[in-house]
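For reference, the structure discussed in these notes is given below.
The values are calculated or read from the model by the stated rules, or taken from the named source; none is laboratory data. Here the structure is a predicted model, which means the values were calculated and not measured. Cβ atoms come from the backbone with ideal geometry, glycine included; neighbour counts cover every protein chain shown. Accessible surface is based on the protein model in full, side chains and every heavy atom, while ligands, DNA and RNA are left aside. Shrake-Rupley method; radii C 1.70, N 1.55, O 1.52, S 1.80 Å.
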Amino acid sequence: MRKMFTSESVSEGHPDKICDQISDAVLDAHLALDPNAHVACETLVTTNFCLLAGEVKARGEVDYVQLAKDTIMDIGYTLPEIGFHFEKNDYQIRLHSQSTDIDNGVVSHEGAGDQGMMFGFACNETKALMPYPIHLSHRILERLSEARRSGDIKWARPDAKSQVTVEYENGRPVAIADILMSIHHAEGQSRDAMQAEIREKIINPVLENFVPYIEWSGHFTYNPAGDFVIGGPDGDTGLTGRKIIVDTYGGMGRHGGGAFSGKDSTKVDRSAAYMARYIAKNIVASGVADRCEIQLAYAIGQSEPVSVRVDTFGTERVGNVSAIEEAVRAIFPLKPYEIITSLGLRKPIFRKTAVFGHFGRIPGEKGCFSWEKTDKAGELASVLLK
């Protein structure tokens, strides 16, 4: 049986991603001064306007306006004609102290910063143990970003989207049915010429190096609405946390609903989602299962998870899935403060997570995060594949 599955990614200049990066830049700035900082920062951007709001408990002072300007400039909004310029924007700051009720519950009990459920997912469709459609979507936009920043593609502006539709047969990817890209561009460009250049300089090189390679139909849809001259926050309002499916598994795995960016790791929306991915990835890397989804759930102020659930979708190589769950509880730290320590989440590492996915890095390669390592795979295999 053949079925289609589609996932999308967005570039660093997409309005929502601008907000995610600013919020995580705020978090990183506070963590650099105070590793125990508690931060929950939301950002909104629109035409010539940027608002930061939320709660902070931290030692040291941060220049939020300059931080936002620097982030926007680094993304590439430096040309006056783009309509969202790092120097010309109106910046407003509405950050205040964290609730003492929340702070007391989290600090005194070393508990979770909120209630909720978080999911982690992994599958063996790609080398990174990610679903094929979202992983390819991210890699296409990474390549575009490199070409834009180097000047290899001179007309490209920071805002862009990619979308990949993959054909599956009996649950395995067999063909790329369509690649769609929408790219913010300079005025006066030929759509046919841009499409040809993107195919030559972006898509073909990415596919040549993508593992595993599957057949591409050659069908490429480019800027289907026509011109994309008005882009970024000048064309669409951005908000922190609106791209949670782009940030995770492209819709292939479930999501608990909580955004990551702008939150320190006492917020289990972030830290437990990272741990759930770490667990799922190691289970797949160990050969225990081809697909794995982990659910963790927490209560605010409490350290022990409310529940731990493992689903391997019938791909497991053990007689009883409950044995995997027992191994997970035995091998992986699941209390919030243990997760923070084991994954090194008090460091200012988070802005770079805010683009091209929080998941999908490969151990040993540049930019791999701690939760992407597969260092527990051998231990899992020794326990479960006797």
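Along the charge dipole of segment 1-60, Cβ charges K/R +1 and D/E -1, which of Pro15, Gly54, Cys41 sits furthest on the positive end?
Pro15
Taking segment 1-127, how much of its Cα-Cα pair set, in percent, is spaced more than 21 angstrom apart?
Details: 4267 of 8001 pairs.
Considering segment 1-127, 53 percent of its Cα-Cα pairs are separated by more than 21 Å.
Using Cα-Cα distances under 8 Å and only pairs 6 or more residues apart, what relative contact order does segment 1-160 have, in percent? Write down the numbers at each step before the final one.
Numbers: 210 pairs, mean separation 44.2, N = 160.
Normalised by residue count, the contact order of segment 1-160 is 28 percent.
Keeping every protein chain in place, order Ile230, Ile324 by accessible area at 1.4 Å, biggest value first, i.e. largest first. Mind showing how you got there, number by number?
Values: Ile230 115, Ile324 0 Å².
Accessible-area ranking of Ile230, Ile324, largest first: Ile230, Ile324.
Just the projected area, averaged over all directions, of the convex hull on the alpha carbon atoms of segment 171-257: how many nm²?
Values: hull surface 30.8 nm².
Computing the convex hull of the Cα atoms and averaging its projections yields 7.7 nm².
To check my understanding: the extent here is largest minus smallest coordinate of the Cα atoms along each principal axis. What are those three numbers for the chain, in Å, largest first?
For the chain, the Cα spread along each principal axis is 62, 54, 30 Å.
Before I look further, what does segment 235-386 give for accessible area per residue, probe 1.4 Å, in whole square angstrom? Don't skip to the end; give the middle numbers.
Working: 5680 Å² over 152 residues.
Each residue of segment 235-386 exposes 37 Å² on average to a 1.4 Å probe.
Kindly report, to the nearest 10 Å², the accessible surface of Ser382 as traced by a 1.4 Å probe over protein heavy atoms only.
Its heavy atoms expose roughly 70 Å² to the probe.
How much of the DSSP beta bridge set in the chain is antiparallel, as a percent to the nearest 5?
Numbers: 45 of 59 bridges.
Within the chain, antiparallel bridges account for around 75 percent of the total.
Give me the log10 of I(q) over I(0) for segment 232-386 at q = 0.12 Å⁻¹, as the Debye formula computes it from C-alpha points; what are the numbers?
Those come out to -0.52, one per q.
Sort Ser322, Ser9 from largest to smallest accessible area, using a 1.4 Å probe on the heavy atoms of the protein chains. Present the calculation step by step, with values, prior to reporting the outcome.
Numbers: Ser322 55, Ser9 0 Å².
So the residues, ranked largest to smallest area, are Ser322, Ser9.
Straight distance only, please: which lysines reach the Cα of Lys57 with their own Cα at less than 28 Å, same-chain residues fewer than 8 apart left out?
Within the straight-line limit of under 28 Å, Lys57 reaches these lysines: Lys17, Lys69, Lys243, Lys263, Lys267, Lys335, Lys347, Lys352.
Farthest toward the dipole's positive end in the chain, which of Phe332, Leu384, Ser271, given Cβ charges of +1 (Lys, Arg) and -1 (Asp, Glu) about the Cα centre?
Value: Leu384.
How high is the relative contact order of segment 255-386? Use alpha-carbon pairs under 8 Å, at least six apart in sequence, and give a whole percent. Don't skip to the answer; put the middle values down first.
On the way: 168 pairs, mean separation 39.6, N = 132.
With pairs under 8 Å counted, the relative contact order is 30 percent.
Over the Cα atoms of segment 136-198, what Rg and Dmax result, in angstrom?
That works out to 13.8, 46 Å for Rg and Dmax.
Working with all protein chains in place, sort Leu51, Leu136 by solvent-accessible area computed with a 1.4 Å probe, largest first.
Details: Leu51 45, Leu136 0 Å².
Listed by decreasing accessible area, they come as Leu51, Leu136.
What is the diffusion coefficient of segment 262-343 in µm²/s, taking the Kirkwood radius over Cα pairs and the Stokes-Einstein relation at 10 °C with a viscosity of 1.306 mPa s?
On the way: Rh = 13.1 Å.
The Stokes-Einstein estimate is 122 µm²/s.
I need the peptides 160-170, 16-26, 328-338 ranked by packing, meaning the mean over residues of other C-beta atoms within 10 angstrom, with the highest value on top. Working shown, then result.
Numbers: 160-170: 19.3, 16-26: 28.6, 328-338: 17.2.
In descending order of packing, they fall as 16-26, 160-170, 328-338.
Using mean Cβ contacts within 10 Å as the protection proxy, how do 85-97, 146-158 order, highest first? Could you put the intermediate results ahead of the total?
Details: 85-97: 13.6, 146-158: 16.8.
Ranking, from highest mean packing down: 146-158, 85-97.
Taking the Cα centre of the chain as the origin, how large is its charge dipole in debye, to the nearest 20, when only Lys and Arg (+1) and Asp and Glu (-1) carry charge on their Cβ atoms?
Numbers: 42 positive and 52 negative charges, 158 e Å.
I would put it at about 760 debye.
For segment 169-315, report the translational diffusion coefficient in µm²/s to the nearest whole number, using Stokes-Einstein at 4 °C, 1.567 mPa s, and a Kirkwood Rh over Cα pairs. Provide the component values of the computation, followed by the final result.
On the way: Rh = 19.1 Å.
Diffusion coefficient, whole number: 68 µm²/s.
If packing is taken as the average count of other Cβ atoms within 10 Å, what order do 367-373, 222-228 fall into, highest mean first?
Most protected by this proxy first, the peptides run 367-373, 222-228.
Shape verdict for segment 35-93, please, from the Cα gyration tensor: rounded (a/c under 1.5), prolate (a/b greater than b/c) or oblate.
Numbers: a/c = 2.92, a/b = 2.12, b/c = 1.38.
Prolate, because a/c is 1.5 or more and a/b exceeds b/c.
Which Cα, out of Tyr249, Phe119, Asn170, lies furthest along the positive dipole direction of the chain (beta carbon charges, K/R +1, D/E -1)?
Asn170
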